[in-house]
Structure formats: C-alpha cells, structure tokens
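A quick write-up on the structure given underneath.
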Amino acid sequence: MVSYQDSEISAAWEEIFSKDKYRLMFADIAASYPEKKSIFIPYEDIDAYSTDFAMYLLDNPDKCLGKGKEAARASLPPAWDKKDVVNLRIVSLPRDAKVEIRHLRAKHLGKMVAVEGLARKVTTVRPRMTQALFKCGRCGAEMWVEQKGIQMKEPLMCSNPDGSCNKQATQFELEPKRSIYIDTQKIEIQESPEGLRGGAQPERITGFVEDDIAGIMTAGNRVTINGIIRSSEKQDRDKTTIFEIFMDVLSIEFKEHEYDEIQITEDDELRILDMSRDPMLFDNIVASISPTIHGHEKVKGAIALQLFGGCNKEMDDGTVIRGDMHVLLVGDPGVAKSQILRYMSTLAPRGIYASGKSASAAGLTAAAVKDEFGDGRWTLEAGALVLADKGLACIDELDKMTSQDRSSLHEAMESQRISVAKAGITATLQCRCSMLAAANPKFGRFESEISITSQIDLPPALMSRFDLIFVMRDRPDKDNDRALTSHILKVHRRGQAMQVGDDAPLMAGVDIKKIKDESQNVRPIYDQDILRKYVAFSKRIVPVMTDKAMEIIEDNYLSVRASGADKNESVPITARQLEAYVRLSEASARMRLSRTVEKSDAELAVDLVEYYLGEILAPDGGQWDIDNMTSGFGKKDRDELKIVLSIVENSGTFDGISEEEIITLAQGEGLSEEKTRKRLRMMKDDGTLYSPRNSYYKRA
Ligand code: ADP
Ligand code: MG
C-alpha cells in the first residue's frame, strides 16, 4: 500500500477542496455558522482524486482527517472561531469498506468502515464540553483546556508567567458560559435481519455521534453508520486486556426506500412475471410456506396473503388507512405455531422474530429507560414492532406479554405509531409492520366445554385488531394423526439422507435416493430468495376493486353481521372486519400482480373470513354464537359463570364454601359437576374467586 507524508496529505485535501463544489460548501458554512459545521464528502470524490489516497484514508482516518480539518480551516474566513471544529464527514463508503457487525475484529481498530443496521437504542442529546475555560484563582489569567473524556480535566498550573500567582496557583475557576460544547448522543445499532442466517441472534455495536448529526436518527431507523472503530476497556474494576469495540460515527445515511436491500435483476423480473401467470400460483406459494409443516393450509394461505398485504391509503383529508394485515394463531401446544413464525421471520422481507415475554425493557413496542447504556442519560429503546418497521413482526407467546405492552399494543397495531413521552424524551416511532402473532389458550390447552373466545387470553380491543384469528387445535383424529406422523417421519428421514449425502456407502434396508424422491413435497416450490423478490416486486402494485368484487364483499359482510343482529348482545363484526375483507382481497390481487381486485380475490377473502369465524364461533359445527367476539364471553359462558358465582356469593360461611357443596347446589340448577369445576377454576385463575383454604371458595 502506498504511504503518504503529512505534506502530501495536506496537498491532497487542498486539491480536493479547490473544486467549485467544496468552495461553495465552505462559503455556505462561513455564512451560516454556527448552524452548519460539516463538510460532507462522498468517498468517490476522494477516489477521483486518487484511488491510493482514498484507500490510505480508510486505513489511516485519524491522521488524514486531522490534516483535512487543518486544510478545511484554511479555507474558511479568518472570523471563524479557531476553537470550534469543522467536521469532515465522509459519506457513501465503497462496498469493501462495509463490515457486518459480527465480523468486526481487532484488525478494524482505528480504520474507517461502514456498518449497516437498525438503530435499537438512542440516548437523549446532551452537550459535552470540548474546550473548558478556566480562570486562575489568584491572578485571574484565563486558560483553555481541551476536554476529551468524561472526567473534567483541570489545568495543572497557571499558564501566565507574569501573573501575581507566580505560577503557584492550585485553585481554578471554571467559566461554564464561555466554555465550548458540542452535542453528543450515544446509539446502538443492531444487525438487520436480512444479514442473519438461521435464526442467529443479532449482534450490536455502540456508536458515538457528535455535533450537528447528533439527534438526527431515532430508534427503529435503518441506517448505515460510517466511522472509525475504536476500543475501550470493559467497565470492570480490575484493569483488563479485554476491550469493547465501538464506533466514532462520522456520518449517518438513511435507507429511505422500502425494500432497498432487495435487488431485483431483469432475469428475476422475467421469472416473477412467469410465476405470476401460473394458474397454480396461490397453491404454489402456500406450498412454499413452511413446507416441512404438514397441513394448516388455511393458516398458510392467510399468511401468504399477509406477506403481500393490502395497500396503505392516504385519503383527501390526510387520514391514512392501514394496509398491513395482522394475523393471530391461537393454539394448543405443539401444533407448530413457533415453527411457522420462525419460518416467516426469515422468509418475509424485514422479518423480526420476538417473544412476548422478551427480557428487554422495550418489549414489543418501545420504552424510555435510564440504564447504564445512557451513562445517566435517558435512552429510547426500540422494541420488536419498531425494529420490524415496513416488515413482518413475528411475535410468539403474545399472551405472555408485559402489562405495559398489553396497554400500548393496540395503538401500535392500528395507527402504526408508538409515542413515547417520558423524562427528556418525546418521540414518535414508526411501526408500519404486519404482525403475525401466536398465543396459547388461557388454560394451556383448549377446553371443549368453554367457548373459544373466552379462552383467548387477550383483551377484546386487541383481538379486534387482528384481521384473521386462527384456532389451531390438537385433537386426536385417526386419519390426520396418521398423515401427520408419516409426514414428520419423512421430514426427519429426508433430513438424515441430506446429511449423509449422495456418495454415502450403501446400507442395507436404506435407499437414499428413494428417500429423497419420496419426500420432494417438503421442498418449497419457490425458494425463499425468489419468493422474497416476488413479494418486494408486488408491492409496486396498488390494485383497485371492481364492482363485482365490491358487491361480493358487501353482501357477505352484511349477511355475517345480520347473523349476529338478532341477539341483543354487542355486535361482533364491526367495520374493522370489513376492512379486513378489503385488505385480504387486495393482497390476493397483488399476489397475482393484478391491477384490479377481481371476483376471485373477493371470494378468497370471504372464504378465509368465514372459515376463521366458523372455527371460533362454532368449533363443533352448527350455529355461530357470534355475540362474544368483542366481549370475550359467550352467553352460555356467562350463564354458567353467573350460576356458580351466585352460589359462592350467597351461601357458605365466613370461611367460604366447599367445592362439594357448590357442585351439589349447581346440579340443582342443571350444571354438571365437570362444568362447575371448570368454572371454579376459571374464576380462581382470573381472580374473581380465591380459596381461603383448600377446596373452599370465596368471592375476592
Ligand atoms: P407450538 O409453538 O405450537 O407449541 P412448535 O412450533 O414448537 O409448537 O412445534 C413443536 C414440534 O412439533 C416442532 O418440531 C414441529 O416441527 C412439530 N410439528 C407440530 N405440528 C406439525 C405439523 N403439522 N407438521 C410437521 N411438524 C409438526
Ligand atoms: Mg411455541
């Protein structure tokens, strides 16, 4: 590598800055000081001057930028305050200067690199003193002391040789008003999900942002940070040789456009158009979603549509109607909910997988916290939904979420924004994502005696935000069990065969080729890469409803609503569900790359809504008991609960009433022993009743 003398470096900068473009920038800075203090230099300008010098700069940024600042100062008018800095901010670093966070190593220390990721934490912006002005306590002489770290550095002695203190003074007074400060902010960037393979945990890096670019970024932003990698000692009491890596950020670039990270070539485009013309398109896509999971076709169909999504619409009055769809899977343990969620988080562009009971303070939404990260400052931390902005948030174990998330989630799902106002922080974070959530039923498994809705342990307001809610039950069923068993065994055997490889020695009783041929159906028809491109491509289309499609949706919605209208309970199907029909049909049209929503799209939407409502409202077939979608309880549930509750309230002694006695009394009102026991357990679980002693109940 070519090496440069100091004088050569200075000459290089002078030459670069002599371009008209930079002369104008300097004039602008001089005129608008102190608002503007930075010169933004695209890497290609330096490369155009000399490729060798540009590479030398990446390798020796401190030395080169130091000389650059001197050259910059010389280009500014004399009135410019010498104590203040001109920032040289290099932007658009070349591809080979990009390093993944997990690949940052000792060799990167002191080098300039670009790191891409999601801003997970940002602190409040606070001033840091860079030049402290002190006054000698005896002679009054003034002196400047440059400040670098957190600890304030004081002068060692008075610098005035002629002062009355005779350079012996030890008392100095800080002049805070006349000292010089810059704004600072600490940030944390996390690897973006696209770069992660196989569910690896994202790694993070801390960055320090100073001066005019402090505060331009907020939690959840997708950014490239360009800067110099440095190390600091771990915060340990003993001195150590193990160091932490962080970045002094020189510039921040935002990823403005949706799906910037997905490159679609002309060949891809031809393939995509070809796929879209296949009459089996929908089935093929469904078969490409979690192919190792057997069955669950409706769920997979719904998730496929969710991937494409409806369209965001901005109306004349400025209101925005959400196009992103939310899907909830509630099911018995072991029905592959988590498996499906994990798969989708890798398939979907900008997919994030998180659990409702995550340990981070931000949880699913966002939080302002004061912890060691902020060194005493407040930190804004982005949760899963914010990190999944413009993508898919896969939230497992939603029923285990914190009470803070419980109360803030529906706003986040509906308006797709999260407002944080606490201490020094007021921020609105975007979370324009679709949510695919999974939850277990209230009692661990679905109980057949109790209505489905009352077993979904989520607030009704939250439930109504989901476009589709699927019930996944694990009921013994001879035919299905056989098919599932054979499928899972085939998957495992295929996995074994693939590990062994084709050139394995012959084994008696095992035919590797046959095993692979027989299990072709667990291979996705479209691989993840092309499907992701297909989805990104489809987002360019905003389909418009035909009259016929509108008519089908209208008729179906009205009839579903009418079926609940004769009961004088709260109305279950609201305009929210009507919007779900629209989004689903839009997604179906988008999937076909069609600019119109046709009859078939509307029918697909109607079919899915009817299917999920049927599963929830009449799990064993028959009449829909529709009155409980939003209230959480069906009439039957309420009647049974009322009977048991009134027995507990009206009988028994100070110590409550025994279970046996309750059962006997309830039998008199037509309630079976089993039902009574279940009701008691439910009411004890939700805190309505408690047991003063074993098998005794009392109203809480
Ligand atoms: P859940 O999150 O619903 O409790 P998991 O996703 O952890 O369930 O699934 C449990 C295991 O059972 C997984 O290894 C999954 O592959 C397997 N499994 C469950 N149902 C199916 C299915 N329908 N097809 C294939 N495998 C399944
Ligand atoms: Mg699970």
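The values are calculated or read from the model by the stated rules, or taken from the named source; none is laboratory data. Keep in mind that what you see is a predicted model, and the values were worked out from it rather than measured. Virtual Cβ from ideal backbone geometry, glycine too; neighbours counted across all protein chains shown. For the accessible areas, the whole protein counts, side chains as well, though only heavy atoms, and no ligand, DNA or RNA atoms are used. Shrake-Rupley method; radii C 1.70, N 1.55, O 1.52, S 1.80 Å.
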For region 419-460, what does the convex hull of the Cα positions come to per residue, in cubic angstrom?
119
Using a Förster distance of 60 Å, the FRET efficiency for ARG73-GLU673 (Cβ separation, nearest 0.05)
0.10
Determine which residues of region 270-311 fall in the zone a paramagnetic label at LYS599 would reach in this model, i.e. backbone nitrogen under 20 Å from the point 7 Å along Cα→Cβ.
279-282
Taking every pair of distinct Cα atoms and averaging 1/r, then inverting, what Kirkwood hydrodynamic radius in Å comes out for region 1-108?
14.8
Descending principal axes extents, region 451-519, alpha-carbon based, whole Å:
60, 27, 16
Would you mind putting 209-217, 543-551 in packing order, based on average other-beta-carbon counts within 10 Å, highest first?
209-217, 543-551
Give the cysteines in the chain for which no other Cys Cβ lies under 4.7 Å away, or write none if there are none.
CYS64, CYS311, CYS394, CYS431, CYS433
Using 0.36 nm times the number of residues separating MET1 and MET550, minus their current alpha carbon distance, what extension gain do you get?
190.9 nm
Order TRP144, TRP13 by their accessible area, 1.4 angstrom probe, all chains in place, largest first.
TRP144, TRP13
Separation of the ILE321 and PHE40 label points, Cα + 7 Å toward Cβ, nm
3.7
Probe of 1.4 angstrom, ligands and nucleic acids ignored: what's the accessible area per residue over the chain, in square angstrom?
50
Helix-derived [θ] at 222 nm for the chain: sum -39500 (n - 2.57) over DSSP H runs of at least 4, divide by residue count, nearest 500?
-11000 deg cm²/dmol
As I understand it, the dipole of the chain uses +1 on the Cβ of Lys and Arg and -1 on the Cβ of Asp and Glu, about the Cα centre. Which of ILE180, SER486, THR346 lies farthest toward its positive end?
ILE180
Using the Kirkwood radius over Cα pairs, work out the Stokes-Einstein diffusion coefficient for region 250-337 at 10 °C and 1.306 mPa s, in µm²/s as a whole number.
95
Working only with C-alpha atoms, what are the Rg and Dmax values of region 288-474, expressed in angstrom?
17.0, 54
Which pairs, out of LYS298/LYS513; LYS337/LYS478; LYS678/LYS698; LYS442/LYS698; LYS69/LYS370; LYS337/LYS642, put more than 24 Å between their alpha-carbon atoms?
LYS298/LYS513; LYS69/LYS370; LYS337/LYS642
With a 1.4 Å probe and all protein chains kept in place, how much accessible area does PHE40 have, in Å² rounded to the nearest 10?
90
If you take the beta carbon distance between GLN496 and ASP474 as r and set R0 to 25 Å, what does 1/(1 + (r/R0)^6) give as a FRET efficiency, to the nearest 0.05?
0.45
Distribution output for region 635-699: share of Cα-Cα pairs per 5 Å bin in percent, first bin at 0, values 4, 20, 36, 27, 11, 2, 0
With a bin width of 20 angstrom, please list the P(r) values of the chain as percents of all Cα-Cα pairs, from the 0 bin to the one holding the largest distance.
14, 37, 30, 15, 4, 0
Less than 22 Å apart at the alpha-carbon level, and either on another chain or at least 8 residues along: which lysines does that give for LYS98?
LYS63, LYS107, LYS111, LYS121, LYS186, LYS255
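What is the gain in length, in nm to one decimal, between ARG105 and LEU506 on full extension, counting 0.36 nm per residue of separation less the C-alpha to C-alpha distance?
Numbers: separation 401, 0.36 × 401 = 144.36 nm, distance 4.49 nm.
Result for the pair: 139.9 nm of gain on full extension.
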